[in-house]
Amino acid sequence: MNDRYQSPLSERYASREMQYIFSPDKKFKTWRKLWIALAETERELGLPITQEQIDELKAHQDEINYEVAREREKLVRHDVMSHVYAYGQQCPKAKGIIHLGATSCYVGDNTDIIIMTDGLKLVRKKLVNVMAELAKFADQYKDQPTLAFTHFQPAQPTTVGKRATLWLHDLYLDLEDLDYVLSSMKLLGSKGTTGTQASFLELFDGDHEKCRKADEMIAAKMGFESCYPVSGQTYSRKIDTRVLNVLAGIAQSAHKFSNDVRLLQHLKEVEEPFEKNQIGSSAMAYKRNPMRSERIASLANYVMADVMNPMLVSSTQWFERTLDDSANKRLSVPEGFLAVDGILDLYLNVVDGLVVYPKVIEKHFMAELPFMATENIMMDAVKAGGDRQELHEKIRQLSMEAGKNVKEKGLDNNLLELIAADPAFGLSMEELAKTMEPKRYVGRAPEQVREFLEEVIAPVLKENQGILGMKAEITV
C-alpha cells in the first residue's frame, strides 16, 4: 500500500465509524437491500415474484462477491449491471427479477440518500457531544473575568465562560440547520429512466395507484417516511448542496473556535491539550504549538471550499439527467463528511482538555483595567465635588501619558498613580484601588451564561442524553 496514494482523510483524520458509512461494503450491501425491497414491493403489488426468490436474495444479501463484479465491470463498463450480474450468480432462482423495472439510479441515488442520512446522524451525535463539553466549560468559567477584544484590541471585559457561549451558540445554529435538513431527507424511490415511472406503469398494467404505492412501500422498507414527489432520473442534486452546506456551516463554527484558541494560546491565557511526549517543533524544543486547532482550521478550509462542488454540479445538470455529476459526487460528498468527522473529533478533544491560566488572564486584565475604569473613577471624583468636564479632559490627557509610558518606554500602566497625584480628582491610591475589582466590569456576562445554558442548551442536552458521553480519539 505504500506505493500508491492514500487519502489523509482515511489514514489520519476520520473515524472508522464514518469511514464505514462511506465504504464499498456499506454501499453494495445497501444496493442489495434496495433490490430486496423492490422485489418484495413488486410481489406485494401483484407481480409474479415468489417468496422463494426473495428468500434467496436475502440469504446472500451480505455476501458480496466483489471479484465477480469487478471482472464483469471490466467487460461491460457499468457498475450497477456488474453487481446485478454478480448477485444473480449467487441467486440463480431470483436472477431474472433482480432490478426489475429499475434504472441504475434506483440503487445509486437511493443509496446515496441513505448514506448521507447515516452520515448526518453521526455528525449530529458528535456535534451534540461537542456542545455538551463546551457547556461544561462555559459553566465552569462563567465568573472568570477576562479582557474582551474588538478588532483584537482590548475592549470592555467579559468572562471566559461568556466567550465560550459564543462558540456554543454557533454550534447550536448548526444543529438547527442539521436537524432541518435531516428531517427533510427523502428517498428517490422507483422513478425510472426519466422520472416518469413509465417502466413501472407498464409492469403494473397501467395501474397508477400501484406506481404511487411502490414508492411509499420502498421508502417504508428502507426506514424513510416518503420519497421526493418528482424527479428526473436522479434526485435533485440540490440535495447534495443542502447537505454539504450544513457540513460547511459546522466547519465555519469550528474554524472560528480554532482561531480564538490559537490567539488565546499566543497570549498564554488558554491552551489546547498538550501530551507529555508531544513535540511542538522539530527545531525549538520549548514550543507548544496549537497543532490540533490548526488542523481544525485546515480541514475546515477544505470543507468550506468543498461545498462549491455540489453547487457547480447541481447548477449544470441537463434536463432529466447527465453523468457529469458522478465522478465529482464520489469525491466531494464522502470527503466532506470525512473531513467534518475529523473536525468534530478534534473539536471534542480540544474542548475536553482546554487549560485555562487565570493568573495570566488576571495579569493582562489588570494591565488594561485602569483605562477601562476611567468612567467609574470620574464618577467617584464628581461625587467628591469635582467638575465632570474638567475631569474628563484631565483623564484623557493622563490616559495618553500612561499609554505613552506603556508603548514607548515599556513601563507598566501608571494611570492610577497619575490620577492619585492630581489634586483635581481628590482620590487616594487606596480609594482608586477599590475601583479595580474585575467583576465590576463584566456586566451581565455570568448571568447571560447561566440563562443561555439553562434556557437554550440544557433542553437540547436533555433531549439527546442518550447519545452523550463520547470521547474523541485522534490518530495524530
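Only the coordinates and a few stated rules stand behind these numbers; no lab work does. Keep in mind that this is a model prediction, so the values were computed, not measured. Here the Cβ positions follow ideal geometry from the backbone for every residue, glycine too, while neighbour counts run over all protein chains shown.
Numbers below:
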quantity	calculated
Cα convex hull volume per residue for the range 307-457 (Å³)	258
Simple label model, 7 Å out from Cα along Cβ direction - Met311 to Asp412, nm	5.3
5 angstrom amide H check on Ala155, placed H, neighbours 5+ away	Ala148, Phe149, Thr150
Charge-dipole axis of the chain as Lys and Arg at +1 and Asp and Glu at -1 on Cβ define it, positive-most pick from Gln6, Tyr228, Thr193	Gln6
Gyration tensor verdict on the chain (Cα atoms; rounded if a/c is under 1.5, prolate if a/b is larger than b/c, oblate otherwise)	prolate
Potential lengthening between Gln156 and Asp62 on full extension [0.36 nm per residue; Cα-Cα distance subtracted]	27.7 nm
Residues in the range 353-373 that a label on Ser428 would reach, taking backbone N under 20 Å of a point 7 Å out along Cα→Cβ	none
Reduced Cα scattering model of the range 34-179, Debye log10 I(q)/I(0), q = 0.11, 0.14, 0.18, 0.19 Å⁻¹	-0.63, -0.77, -1.05, -1.10
Packing-based order for 396-405, 237-246, using average beta carbon neighbours within 10 Å, highest first	237-246, 396-405
Relative contact order [Cα under 8 Å, 6+ residues apart], the range 1-87, whole percent	20
Per-peptide average of other Cβ atoms within 10 Å, ordering 184-196, 219-231 highest first	184-196, 219-231
Farthest positive-ward along the range 19-97 dipole, Cα basis, beta-carbon charges - from Ile97, Tyr85, Ile36	Tyr85
Gap separating the Cα centres of the range 108-132 and the range 300-321, nearest whole Å	19
23 Å Cα-Cα reach of Lys394 towards lysines, excluding residues that sit fewer than 8 places from it in its own chain	Lys383, Lys404, Lys407, Lys409, Lys434
The range 361-441 - charge dipole about Cα centre, Lys and Arg +1 at Cβ, Asp and Glu -1, debye rounded to 20	200
Whole-number D in µm² s⁻¹ for the range 315-372, Kirkwood Cα-pair radius fed into Stokes-Einstein, 20 °C, 1.002 mPa s	131
Order by protection proxy (mean Cβ within 10 Å, highest first), peptides 457-465, 297-305	297-305, 457-465
Axial C-alpha extent at least 24 Å, average Kyte-Doolittle at least -0.5 - helices from the chain (DSSP)	104-140, 160-183, 238-267, 326-352
Taking His255, His266, His169 and counting other C-beta atoms within 10 Å, the order from fewest to most	His266, His169, His255
C-alpha center-to-center spacing [the range 35-83, the range 405-476] in angstrom	64
D_trans [Stokes-Einstein, Kirkwood Rh over alpha-carbon pairs] for the range 23-118, 20 °C, 1.002 mPa s, µm² s⁻¹	159
Where labels lie 7 Å past Cα in the beta-carbon direction, separation of Asn376 and Leu331 in nm	5.8
5 angstrom amide H check on Gln144, placed H, neighbours 5+ away	Val160, Gly161
Equivalent ellipsoid dimensions for the range 361-410 as semi-axes, Å, which come from the Cα gyration tensor, largest first	23, 15, 6
Fraction of beta bridges assigned by DSSP in the chain that are antiparallel (%, nearest 5)	90
CD proxy at 222 nm, helix term only [per DSSP H run n ≥ 4: -39500 (n - 2.57); per residue of the chain; nearest 500]	-20000 deg cm²/dmol
Whole-number percent relative contact order across the range 385-476, with pairs defined as alpha carbons under 8 Å at least 6 apart	16
Gained length - Gln389 relative to Leu468, 0.36 nm times residue gap less alpha-carbon distance	22.7 nm
Relative contact order, percent, the chain [alpha-carbon distance under 8 Å, six or more residues apart]	19
Gain on full stretching of the segment that runs from Ala458 to His78 - 0.36 nm per residue minus C-alpha separation	131.7 nm
